[in-house]
Amino acid sequence: MKHRQSTQNDHLERINEVLFYIHKDLQKNYGVEELASLVAMSPFHFNRVFKERVGESVHGYIKRVKLEHAANLLLFNPHSTISHSMQEVGFSSNASFTQAFKENFGVTPTKWREVDKANEKKDMSFLEKPLHVKIQTMPSFYVAYVRHKGYDRSIKRAWLKLQDWALRQGVAFSQQTMIALHHSNPRFVESSQCHYVACLQLPSSGRFYRNGDVGVMHIPPTLCAVFSLQGVYGDLKKYMDVIYHEWLCASEYEKVALPSFAIYRENHFINADERFDLDFCVPVRFK
């Protein structure tokens, strides 16, 4: 039993490393052989383990995350060309990009923009005061992390895993900053399919080790639009919709390939009253 658990933990650690590299640069087109060699596995074994742990084939996963990011770019950056969005996620052929996009979303990239414009009025009645934004360079964060699929209350399990890991590592969980990476846009990705990464900032002086589905990484420094937000469970998705589809489209900035992230002061997935107080950071650059 111990050997089986050790093997499962080893597989989780290797797949975590691969997912980190995939999301680090969506312009790059990784092949199965390259990713397998990265974690010292045969392509056949790697393919099987990846599908067991992620629920999708390597090719299917990479294709989906690239297309989801391209779909975001088309909506968030209305003045950029479709060719630019295509190149940002590593497609070199307009025809292949259009075909893949239509297979995934049911419409062409051009139609995707038209449909969004037709439904562009957002419900902002929940806002008690206007959004306040600061543009600032966020520092690098050294974190332990747990990946989670699904944007709902089940996210609490990811935080409990981090809490247990921190206890075993001698890290005071309650004294560390909690951060969450939001890889998916819940406006067009089903909540059950959204990818969320729970992160716990670690002391820079320490040395920490991966264990099973708990990985360790650096979140790079990046220029961000930073929004200070408060609310209860369910409100953050509404805020995200307004930030992405109202503020960003009308601003002087465009989103880059890095995921948005929340820096919690109060975490609604842990707090009994399900209230949050956080900074929501959207990586951007000047248009």
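The values are calculated or read from the model by the stated rules, or taken from the named source; none is laboratory data. Keep in mind that what you see is a predicted model, and the values were worked out from it rather than measured. Here Cβ is always computed from backbone atoms with ideal geometry, including for glycine, and neighbour counts include all displayed protein chains.
Looking at VAL256, is it closer than 16 Å to HIS182 by Cα and in contact with a Pro (Cβ under 7 Å, 6 or more places away or on another chain)? I'd like the intermediate steps shown before the answer.
On the way: closer than 16 Å to HIS182 by Cα: yes; in contact with a Pro (Cβ under 7 Å, 6 or more places away or on another chain): yes.
Considered against the rule, which asks whether it is closer than 16 Å to HIS182 by Cα and in contact with a Pro (Cβ under 7 Å, 6 or more places away or on another chain), VAL256 comes out as yes.
Scan the range 93-106 residue by residue and report those that are under 24 Å from the mean Cα position of the chain (by Cα) and surrounded by fewer than 16 Cβ atoms within 10 Å (Cβ to Cβ).
Narrowing the range 93-106 to residues under 24 Å from the mean Cα position of the chain (by Cα): 97-98, 100-106.
Within the range 93-106, LYS102, GLU103, ASN104, GLY106 meet the criteria.
The C-beta contact set for the range 28-55 (first residue more than 26 Å from GLN87 (Cβ to Cβ), second residue among the basic types (Lys, Arg), distance under 7 angstrom, 6+ apart or interchain) comprises VAL39/ARG14; MET41/ARG14. Looking at ILE263, ILE270, just one residue is buried (at least 16 other Cβ atoms within 10 Å of the Cβ), touching a Cys at 6+ places or on another chain (Cβ under 8 Å), of a type in the set (Val, Ile, Thr) and within 18 Å of THR177 (Cα to Cα), and that residue is ILE263.
If you go through the range 135-167 and keep only what is out of contact with any Cys (no Cβ under 8 Å at 6 or more places or on another chain), touching a residue at least 24 places away in the same chain (Cβ under 8 Å), closer than 14 Å to PHE208 by Cβ and surrounded by fewer than 21 Cβ atoms within 10 Å (Cβ to Cβ), you end up with TYR142, ALA166. Filter the range 54-76 down to the residues that are surrounded by fewer than 18 Cβ atoms within 10 Å (Cβ to Cβ) and in contact with a His (Cβ under 7 Å, 6 or more places away or on another chain) and list them by number. Once the filter is applied, which keeps residues that are surrounded by fewer than 18 Cβ atoms within 10 Å (Cβ to Cβ) and in contact with a His (Cβ under 7 Å, 6 or more places away or on another chain), the range 54-76 yields nothing.
Every condition in (1) touching a residue at least 60 places away in the same chain (Cβ under 8 Å); (2) of a type in the set (A, V, I, L, M, F, W, C); (3) in a helix (DSSP H, G or I); (4) within 26 Å of VAL284 (Cα to Cα) holds for LEU12 except the one numbered (4). Cβ separations smaller than 8 Å between residues 6+ apart or across chains give the following pairs from the range 181-195 residues that are exposed (fewer than 15 other Cβ atoms within 10 Å of the Cβ) to residues that are at pLDDT 90 or above and of a type in the set (A, V, I, L, M, F, W, C): PHE188/ALA71; PHE188/PHE105. Right, THR137: modelled with pLDDT under 95, among the hydroxyl-bearing types (Ser, Thr, Tyr) and either under 26 Å from TRP247 (Cα atoms) or in contact with a Leu (Cβ under 6 Å, 6 or more places away or on another chain) (or both) or not? No: the conditions fail for THR137.
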